[in-house]
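A short write-up of the structure that comes next.
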Amino acid sequence: MSDKKPFEIAREALKQITARKLLPTPVNYQAVYNEIAGVPNVQPFPEEPLRRIAQSLPARNPGQEKQRSLMEYAIGQRNWAGVQNALVAYAGFITAGTGETGPAPLAPAPGVPALTPEFFEQIARLIEYTRPALGEDDARFQEQLQQVTRALRDPAAEAYKVKALLADFSHRLSFAAEDQAEIRLTLLKLLQLIIENIGELSMDDAWLKGQTDALREVAQPPLTLRRLDDVERRLKDVIFKQKDAKGRALEAQEELRQMLATFIARLSQMVESSSSFQGKIEESVKQIEQAKKIEDIAPVLKEVISATRHMSTESAGVRDELRAMREKTQATEAELVKLHRELDRVSSQARHDTLTGALNRQGLDEAMNREISTVRRKDTPLSVALLDIDNFKKLNDAKGHETGDAALTHLATVARECMRPQDTLARYGGEEFVILLPDTPLDKGVEAMTRLQRELSKRIFLAGSDKVLITFSAGVAQLAAGESGAEAIRRADQAMYLAKRAGKNRVIAA
């Protein structure tokens, strides 16, 4: 133990760090300080990193769940031996569920109880979390659920009784889950039948195709709230625009009907006037033939001239009115053509995200099918990247949803400017985007996403007068032989979550 005072040791430690050309990190400073002070250099216990590791461990069977809970308990106690034993025992359960028998777990470290109140509380919360998904129709199931959670939270409950209750509850839970899954599948089938029926009944209304396609897309499992919310928002926008355009089209058609009725009325009037005029001419001819003197002809000629003038004036008026009707008809026809084009344009929006202009899920599926066909035909690589904006919820909460929407548009704009013409950008839902990179192997796909990250960091996003750095985490997967597009996206999604856990603003290959 050094006889130097603490401030002298601190000063000497700073000199030594400079002399040894060490980085001035807390770890290096602590090591040099302990060396000068003559005390053991004990590394601090990394509680938070270890806790994140424990939380990321999958629990695919009861053994793994138990060892993960023991590891979290040992971390809380800062017990290295307990952490080590829990990890080793956890590895022994990796083969569980495959038909193989894994090695028996090691006994917990001394002082670490096998079953803790925290562990039972986790089970109780897990059971309560399943309650909304299983409905409340089965009264016996609800009663059993409450009984089990009460037992789990009862400090005086005996373990073997709790185990028996859990076994009975899990048996009934399996039936309840199967019933809910069957109910949801049946409802989806009914919804798809209704959508198909609407499509069959509306074959002449091409503008409905976008809506039915979007509904058919969202009615395919697996269902997520993100997909449902996204399609609901798009459909509301499309329906509003279609309703407005449809109303204007109906008004134009009504004008055409009124003009046609007026034309028929005027035509009938002209026929009647012509018949009357012809009758007057014939009568005048007879009067002229019967005239004996020139004075008898003058009144007849005067009447003929008057009838002719009246007929001419009426014909000119009808002619002008019909010409105006023709011009109005042509203008109405042009308006109808414009409205139909608008309906077609709005209908096509059901394949595009109205906010960012990127393809939506329906458009992505079509693009993915095209790219996979090319891959199979030409034997070329296809990389699939899934991007998720970092801290998007925090940005929404702090700056508002309008700023969040502007951030999504900003990312889509920068992505399109950095992409090649053959690449495809699609909004996967929420703050997630998918980019299809044809003729691109995995390593080049990772490089492309890294370049996009660098470009995004240069393009500062303005939220009002505040500068906000928008970053994203991404996973990249290369389509494997025989793999579907959905499977490739799923692998990219898993890699993206690894990038999130690794600190965000990263790109990880699947």
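FYI, it's all coordinate maths here, none of it is from the lab. In this text the structure is predicted, and so the values were computed from the model without any measurement. Please note: Cβ atoms are built from the backbone with ideal geometry, for glycine as well, and neighbour counts cover all protein chains shown.
Remark: region 72-84, residue by residue, has Karplus-estimated 3J(HN,Hα) of 5, 5, 5, 5, x, 8, 6, 9, 5, 5, x, 4, 4 Hz, where x stands for each Gly or Pro and the curve is 6.51 cos²θ - 1.76 cosθ + 1.60 at θ = phi - 60°. Evaluate E = 1/(1 + (r/R0)^6) for Leu14 and Glu335, where r is the Cβ-Cβ distance and R0 equals 60 Å; express this FRET efficiency to the nearest 0.05. Using R0 = 60 Å, I get an efficiency of 0.15. The label-point distance for Leu462 and Ala157, in a model that sets each label 7 Å from Cα toward Cβ, rounds to 5.9 nm.
Cross-linked pairs Lys467/Lys504; Lys21/Lys394; Lys163/Lys394: Cα-Cα separations exceed 31 Å for Lys21/Lys394; Lys163/Lys394. Taken along the Cα-to-beta-carbon direction at a fixed 7 Å, the label points for Glu182 and Glu321 span 7.2 nm. For Leu382, the amide hydrogen comes within under 5 Å of the amide hydrogens of Thr440, Leu479, counting only partners 5 or more places away or on other chains and with H modelled in the peptide plane. Taking a ≥ b ≥ c as the square roots of the eigenvalues of the Cα gyration tensor, an a/c ratio of 1.5 or more together with a/b larger than b/c marks region 361-509 as prolate.
With R₀ set to 45 Å, the beta-carbon distance separating Asp379 from Ala164 gives a calculated FRET efficiency near 0.15. Peptides 412-425, 165-178, 378-391, 492-505 ranked from most to least packed, by the mean per-residue count of other Cβ atoms within 10 Å: 378-391, 492-505, 412-425, 165-178. Counted by neighbouring Cβ atoms within 10 Å, the residues Arg319, Arg140, Arg351 run from fewest to most as Arg140, Arg319, Arg351. Shown is the FRET efficiency for Asn369 and Ser56, computed with R0 = 41 Å from the Cβ-Cβ distance and rounded to the nearest 0.05: 0.75.
Exposure proxy for His310, His352: other Cβ atoms within 10 Å of each Cβ, ordered fewest to most, give His310, His352.
Less than 5 angstrom separates the built amide H of Tyr428 from those of Phe433, Val434, all sequence-distant by 5 or more or on a different chain.
Here the Karplus curve 6.51 cos²θ - 1.76 cosθ + 1.60, taken at θ = phi - 60°, turns the phi angles of region 447-456 into couplings of 4, 4, 5, 5, 5, 5, 4, 5, 5, 5 Hz, with x standing for Gly and Pro.
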